[in-house]
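Step one of this worksheet: look at the structure below.
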Amino acid sequence: MKTWQLQEAKARLSEVIKKASKEGPQTITMRGEPTAVVISKAEYDRLKRPKENLIDFMRRSPFFGIELDFKREQSLTREVNIE
């Protein structure tokens with residue numbers, strides 16, 4: 001990720017934007033501290049895309065609708081061997 005000082009980024013804004021779309025995020029600093037990041041519209045759209053919820057994810061599973069037979073031990077206690 002390339003880093004630009006604010007004054008340089010303002011003077012070369014079109015280059016910063018082109019690099020963000022072709023090379024990835026561009027960091028802008030103020031007084032030596034990272035302050036902002038310029039990203040492409042495609043990256044922004046990817047980040048803002050709604051997250052899929054767990055229910056929809058599970059429904060897309062190839063195992064959706066398959067009945068599973070879970071058998072559980074019915075005793076109240078179990079023996080544990082402690083040595």
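Tell me, what ³J(HN,Hα) does each residue in the stretch 42-57 have, in order and in whole Hz, if you take phi through Karplus 6.51 cos²θ - 1.76 cosθ + 1.60 with θ = phi - 60° and put x for Gly and Pro?
Each residue's phi maps through the Karplus curve to give 4, 5, 4, 4, 5, 5, 8, 4, x, 6, 6, 7, 4, 5, 5, 4 Hz.
Out of L54, L13, L68, any idea which swings most in a Gaussian network model of the chain, alpha carbons joined below 10 Å?
Of the options given, L68 has the highest mean-square fluctuation.
Enumerate the amide H contacts of V37 below 5 Å, restricted to partners 5 or more residues apart or on another chain; note that Pro and chain-start residues carry no placed amide H.
Residues meeting the amide H criterion: I28.
Would you mind ranking V38, V80 so that the residue whose beta carbon has the fewest other beta carbons within 10 Å leads the list?
Values: V38 19, V80 5.
Listed from fewest to most nearby Cβ atoms, that is V80, V38.
Using modelled amide H (1.01 Å from N, peptide plane; none on Pro or chain starts), what sits under 5 Å from the amide H of Q5, excluding residues fewer than 5 places away?
Under 5 Å from the amide H of Q5 lie the amide H atoms of T29, each far enough along the sequence or on another chain.
Per residue of the stretch 17-23, what does 6.51 cos²θ - 1.76 cosθ + 1.60 with θ = phi - 60° give for ³J(HN,Hα)? Whole Hz please, x for Gly and Pro, Karplus curve as stated.
5, 4, 5, 5, 7, 9, 10
From the phi angles alone, apply the Karplus equation (6.51, -1.76, 1.60; θ = phi - 60°) to the stretch 60-65 and give each ³J(HN,Hα) in whole Hz, x where the residue is Gly or Pro.
Once rounded to whole Hz, the list reads 7, 5, x, 9, 4, x.
Would you calculate a helix-derived [θ] at 222 nm for the chain, using -39,500 (n - 2.57) for each DSSP H run of n ≥ 4 and dividing by the full residue count, to the nearest 500?
Values: 4 runs with 31 residues, N = 83.
Dividing the helical sum by the residues of the chain leaves -10000 deg cm²/dmol.
Can you pull a Stokes-Einstein diffusion coefficient for the chain at 37 °C (0.692 mPa s), Rh from Kirkwood over Cα pairs, as a whole number of µm²/s? Don't jump to the answer; show the numbers that get you there.
Numbers: Rh = 18.1 Å.
It diffuses with D of about 182 µm²/s by this estimate.
Read-outs throughout are calculated quantities, based only on the coordinates presented, and are distinct from any laboratory measurement. All of these numbers come straight from a predicted model, not from anything done at the bench. When we count neighbours, we look across all protein chains shown, and the Cβ atoms used for this are built from the backbone with ideal geometry, even at glycine.
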